[in-house]
Amino acid sequence: MILLLRSFLVPAGSVLLAFLTGGILLFLSGSHPVEAYIALFQGAFGDLSSISRTLEKATPLIMNGLAIAFALKAGLFNIGAQGQFLFGAFAAAVAGFYVQAIPSVFHIPLAIFAGMTAGGIYGLVQGALKAFSGAHEVITGIMCNYIAINMTDYLVNHPFRDRSPGNIVARTPQILDTSRFPDVAGIPLGFIAAIIAAILVWWIVRYAVFGFEIRVVGSGINAARYSGVRIRSVLMGTMLISGALAGLGGAVETQGVVHRFQPGFNTGLGFEGITIALLGRVHPLGIIPAAILIGAMKAGAGMMQFSAGVENEIIDVIQALILFFVTADVILQKMLPGIKWAEGERLSLSTGWGGNS
Amino acid sequence: MDGFPVLELKGISKSFHGVMANSGVDFKLKKGEIHALLGENGAGKSTLMNMICGLLQPDRGEIFIQGNRRKIQNPKIAIQLGVGMIHQHFMIVPGFTSLENIILGSEPVTRMAIDFRKARKQIAALSDQYGFSIDPDAVTEDLPVGIQQRVEIFKALYRKVGILILDEPTAVLTPQETEDLFRVMRRLARKSVSIIFITHKLREVMQIADSITVMQRGAIKGVLSPGETDEQSLARMMIGREINMISNDRSAGAGRTVFEASGLSVNSSRGFEAVSDVSFCVREGEIVGIAGIQGNGQMELSEAIAGLREIASGNIILSGKVMPALHPRKMMENGLAHIPEDRLKYGLVLPFSIAENQILCTYYRNPFARFMWRNRKAMLNNSRELMDRFDIRAGGPEESVKTLSGGNQQKVIISREFSRNSIFLLANQPTRGLDVGSIEYVHRQMLTLRDKGAGILLISSELDEILSLADSILVIYRGRLISMAGKEGADRASLGLMMTRGLEREK
């Protein structure tokens, strides 16, 4: 229990430091930090609809955070999550408007499945490149992101463009009502799906044989070789699941929020998964509060701008500061000596360029 | 002023997180003497030396150098005071020449550039002064380990070191290189360099030291000279109890062949043939020792056997079946147990718990897995039983192996490998870096396994280990095996010669 508490220290401290630093910036730019933060909080949690909006914003973040965290367990930095997310969102949109006249009970899961498959396959490609040619997943991930962005741009501009009269934007038609997520008691269905996904991922990492293999590969690749773990299969399997999670994030975004695929709507969500994964200490369940926090900041930014007159870019700055303090946790540990920091499986974010040694 | 202590420690104490690493240590180093500091791993030798080198600060106590009380806040001050340490892992830049390495960090300069001519002269002068030399233009990574070490010594001398600390300098050396090092050490001592020689090899202490300080559990157990003691009593002092030097006094039973390598060739990572056409077999209840200096193909041979490296040609036969290459799991399922050379890298997943490391090779099987899911309860029960049976000292099954001592880490590996009912053990340097107590433990376990009928292939560069355990001895030299008819024909001298020169007579 104490250990569990300790692992909260770094993220909590980082968030606090980020808000303090952000407060100084607010003050310097002539605003009242306390007022701004109160407005932010009200915008995020002030009433039911704002809470609902916060959860809605948190949902794709949970999925992408899970995608990044799951891959990190195997020592893979899935920076390609953005591309997998885009293909997932696109595939779900296509399934959403193309497949017609089937009831919701089938249409919703069908579109989700389409999104997960698209993201998963795209992840698998990067996993296979890593497994068979040793190509570093960060490099291939960045390249694959470009391909995904431009491919989806092309697809919505030409074959799948919304041809309805009056539309001048490059985007797909709206998905059918049968594939849209309903709210369950005010909570967006997508959020519930995200929670289930997080628990499932946690369960796999902790209790599945495959989860053990992933951790062995991630924490000691040589020991994995020694003990006969099939490293290639593990790398590919990990990227398949990680990609499917990012794809699920895309599907949920399409089916729950945007209701069509429109370029520019979702950029950055995949990358924000990195912030979430790190803030959540790469723990599948830690990702949920992390995503809610960032989701709240996004949801409350409007209110902050409206009632405290703060540019909502400040939210991006605070988010960046959080990421900074989480990754540079040494700073935190230096600032607060005497605290026993949790020591778990350390992340290796700065290694891995020259292969796994 | 002969006999005046150049270094004196009075009442040095140091603790880490409440654990006493040094308590009230007094130590005296006389000018021009070779002073052995003897103790098991964890006895506090390194902590003590790190305080002299300025890497750590004592909690209590005083350090006197040349009779003056000094505070050594950092390694720079230590060097100014003439204290230099040569670590087990050399601190040299592999791609640099000897000259560059020696002057690195204290280069003589002209106005704009490094004055290599002056440096060269200085090194030549040092060579004359101390009576041993190196090639200043050789690239260090191409040099044998013993010479690299000499470069390190030169580096210290170049900084005008009067107190030289050698941290287990012979651990990586061949018998011949060790002799050379001892010769250099004696020369330095004659030229008034005082040497602290950290080790746990008793024979070397008796051979080279002028005086011996024995440490146990952070305290000084005694100061003696080699004349008034012997290896047995030193060992007793060091461990704090009686130990028996293990030896294999049972002749090998001629059992069934459990393992065979036939015509085995293996390439190194750089592509050249590291093991050439090697054939041998290991029978039930037999320990076959492969002696040799590191880097003669042992690593490639053992990796090929373990299924970690491609085989260029030839076969590996385990209990009568030809094994596919690159299939470690198949090897293990057919009865291989493996103590890898680098236990931290290959043998253990450091952030994992003891229990998880103990199922590293069987996690996918009953009872540790049912269908797709792991059975944590079975894992923990297994761990508790093994910790008890193999005397692993730790808080519990869920403690991370990272925090264990080297001896206990090796016990975790042994508990895993020896509990699988294996018929063939591949042990590559199973006692490297372990203290005497743990070495005794590992050897005893290996003999027990052998007595139960397993065949053992012991690869080691420790001659003593091979001589005391093996039923038959092979020497590996440049990737080829030289058979030593039996144990009787093998003595230290001829083995040592063969390790360094192969079978030159026959050429």
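The values are calculated or read from the model by the stated rules, or taken from the named source; none is laboratory data. On a predicted model such as this, the values are computed, not experimentally measured, just so you know. Positions of Cβ are generated from backbone atoms using ideal geometry, with glycine treated the same way; all protein chains shown enter the neighbour counts. The accessibility values were calculated without ligands, DNA or RNA, using every heavy atom of the protein model including side chains. Shrake-Rupley method; radii C 1.70, N 1.55, O 1.52, S 1.80 Å.
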(request) From zero up to wherever the largest Cα-Cα distance of segment A:158-283 sits, split into 10 Å bins and tell me the percent of pairs in each. (result) 11, 31, 29, 19, 9, 2, 0
(message) Taking the Cα centroid of segment B:31-85 and of segment B:155-213, what is the distance between the two, rounded to the nearest whole Å?
(response) 16 Å
(message) If you filter segment B:11-82 for trypsin sites (Lys or Arg not before Pro), then keep DSSP loop positions with at most 16 other Cβ within 10 Å, what is left?
(response) B:K71
(request) Quickly work out the A:T21-to-B:R270 label distance, labels modelled 7 Å from Cα along the C-beta direction, and quote it in nm with one decimal. (result) 4.6 nm
(message) Tell me the Rg and the Dmax, in Å, that the Cα atoms of segment A:60-152 produce.
(response) 14.3, 46
(request) Any of B:K155/B:K221; A:K73/B:K345; B:K155/B:K345; B:K30/B:K411; B:K30/B:K201 with alpha carbons more than 28 Å apart? Name them for me. (result) B:K155/B:K221; B:K155/B:K345; B:K30/B:K411
(request) Divide by every residue of chain B the summed helix terms, -39500 (n - 2.57) for each DSSP H run of at least 4, and state the resulting mean residue ellipticity at 222 nm, rounded to the nearest 500 deg cm²/dmol. (result) -9500 deg cm²/dmol
(message) Could you tell me how far the Cα centroid of segment A:270-305 sits from the Cα centroid of segment B:271-297, in Å?
(response) 56 Å
(request) Shielding by partners for B:299-311, please: the mean number of other protein chain Cβ atoms within 10 Å of each residue's Cβ. (result) 1
(message) If I fit a long axis through the Cα atoms of helix B:145-158 and take the longest principal axis of the Cα atoms of chain B, what angle between them do I get, 0 to 90°, rounded to 10?
(response) 20 degrees
(message) Rounding to the nearest 10 and keeping the result within 0 to 90°, find how far the Cα-based axis of helix B:406-418 lies from the longest principal axis of chain B.
(response) 10 degrees
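Just to confirm a number: summing +1 for Lys and Arg and -1 for Asp and Glu over residues other than A:N64 whose beta-carbon lies under 14 angstrom from that of A:N64, what do you get?
Neighbour charge sum, excluding A:N64 itself: 0.
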(request) Go through B:C53, B:C281 and list them by solvent-accessible area, largest first, probe radius 1.4 Å. (result) B:C281, B:C53
(message) If amide hydrogens are placed 1.01 Å from N in the peptide plane, which non-local residues have theirs closer than 5 Å to the one on B:T97?
(response) B:T140
(message) Under the rule that an exposed site lies in a DSSP loop and has at most 10 other Cβ atoms within 10 Å, name the longest stretch of chain B with no chymotrypsin sites (Phe, Trp or Tyr not before Pro) of that kind, not counting the sites themselves.
(response) B:1-271
(message) Could you check the spin-label model distance between B:W373 and B:Q129? Points 7 Å from the Cα along Cα→Cβ, value in nm.
(response) 7.3 nm
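From other protein chains only, count the Cβ atoms within 10 Å of every residue's Cβ in A:200-213, then give the mean.
Values: counts 0, 0, 0, 1, 2, 0, 3, 5, 5, 11, 4, 3, 10, 2.
Other-chain Cβ atoms within 10 Å of each residue's Cβ, averaged: 3.
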(message) For B:M91, project a label point 7 Å along Cα to C-beta. Then give me every residue of segment B:190-206 with its amide nitrogen under 19 Å of that point.
(response) B:194-199
(message) Students sometimes get this wrong: rank A:H107, A:H32 by accessible area, probe 1.4 Å, all chains present, largest first.
(response) A:H32, A:H107
(request) Bin all alpha-carbon pair distances of segment B:354-420 at 10 Å intervals from 0 and give each bin's fraction as a whole percent. (result) 23, 56, 19, 1
(message) Give me the one-decimal nm value for the distance between modelled label points at B:N68 and B:S494, 7 Å along each residue's Cα-to-Cβ direction.
(response) 5.8 nm
(request) For an R0 of 35 angstrom, estimate the FRET efficiency from the Cβ-Cβ distance between A:I192 and A:L28 and round to the nearest 0.05. (result) 0.25
(request) Pop the C-beta distance of B:Q57 and A:D153 into the FRET formula with R0 = 56 Å and round what comes out to the nearest 0.05. (result) 0.35
(request) Quick one: Debye curve from the alpha-carbon atoms of chain B only, equal weights, vacuum; give me log10 I(q)/I(0) at q = 0.06, 0.09, 0.11 Å⁻¹ to two decimals. (result) -0.32, -0.72, -1.05
(message) What are the ³J(HN,Hα) couplings of segment A:292-306, residue after residue, when phi is run through the Karplus curve with 6.51, -1.76, 1.60 and θ = phi - 60°? Round to Hz, x for glycine and proline.
(response) 5, 4, 5, x, 4, 5, 5, 5, x, 4, x, 4, 5, 5, 5
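Give, to the nearest whole percent, the P(r) tail of the protein assembly as shown beyond 48 angstrom, counting all Cα pairs.
Result for the distance tail: 37 percent.
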(request) Give me Rg over Rh for segment B:111-172, both radii from the alpha carbons and Rh done the Kirkwood way, two decimal places. (result) 0.99
(message) Skipping prolines and chain starts, which residues have an amide H placed within reach, meaning under 5 Å, of the one on A:L176, given they are 5 or more residues away or on another chain?
(response) A:F97
(request) Quantify how strongly other chains surround peptide A:223-235 by giving the mean number of their Cβ atoms within 10 Å of each of its Cβ atoms. (result) 6
(message) Need one value: the accessible area of B:E260 in square angstrom, 1.4 angstrom probe, rounded to the nearest 10.
(response) 70 Å²
(message) Just to confirm my numbers, what's the Cα centroid distance between segment B:387-447 and segment A:138-170 in Å?
(response) 58 Å
(request) Quick one: which residues, 5 or more positions from B:I165 or on another chain, have an amide H under 5 Å from its amide H? H modelled 1.01 Å from N in the peptide plane, none for Pro or chain starts. (result) B:G84, B:M85, B:I86, B:I196
(request) Tabulate in residue order the Karplus-calculated ³J(HN,Hα) for segment A:311-316, using 6.51 cos²θ - 1.76 cosθ + 1.60 with θ = phi - 60°, rounded to whole Hz; enter x for Gly and Pro. (result) 4, 6, 5, 4, 4, 4
(request) Mind grabbing the base-10 log of I(q)/I(0) for segment B:351-484 at q = 0.10, 0.15 Å⁻¹? Debye formula, identical points on the C-alpha positions, no solvent, two decimal places. (result) -0.38, -0.78
(request) Translational diffusion coefficient, Stokes-Einstein: compute it for chain A using the Kirkwood radius over C-alpha pairs as Rh, at 10 °C and 1.306 mPa s, and state it as an integer in µm² s⁻¹. (result) 76 µm²/s
(request) For an R0 of 22 angstrom, estimate the FRET efficiency from the Cβ-Cβ distance between B:A171 and B:Q232 and round to the nearest 0.05. (result) 0.50
(request) Give the relative contact order (percent, whole number) for chain B; include only Cα pairs under 8 Å separated by 6+ residues. (result) 15 percent
(request) Can you tell me the 0 to 90 degree angle between the C-alpha axis of helix B:376-389 and the longest principal axis of chain B, rounded to 10? (result) 60 degrees
(message) Output needed for segment A:110-149: three equivalent-ellipsoid semi-axes, defined as square roots of 5 times the C-alpha gyration tensor eigenvalues, in descending order, whole Å.
(response) 21, 12, 5
(request) Would you list which aspartates and glutamates come within 16 Å of B:K321, measuring only between C-alpha atoms, while excluding same-chain residues fewer than 8 positions from it? (result) B:E260, B:E284, B:E333
(request) Go through segment A:126-141 residue by residue and turn each phi into a ³J(HN,Hα) via Karplus (6.51, -1.76, 1.60, θ = phi - 60°); whole Hz please, and just put x for glycine and proline. (result) 5, x, 5, 4, 5, 5, 9, 10, x, 4, 5, 5, 6, 5, 5, x
(request) Grab the alpha carbons of segment B:1-153, take their convex hull, and tell me the volume per residue in Å³. (result) 160 Å³
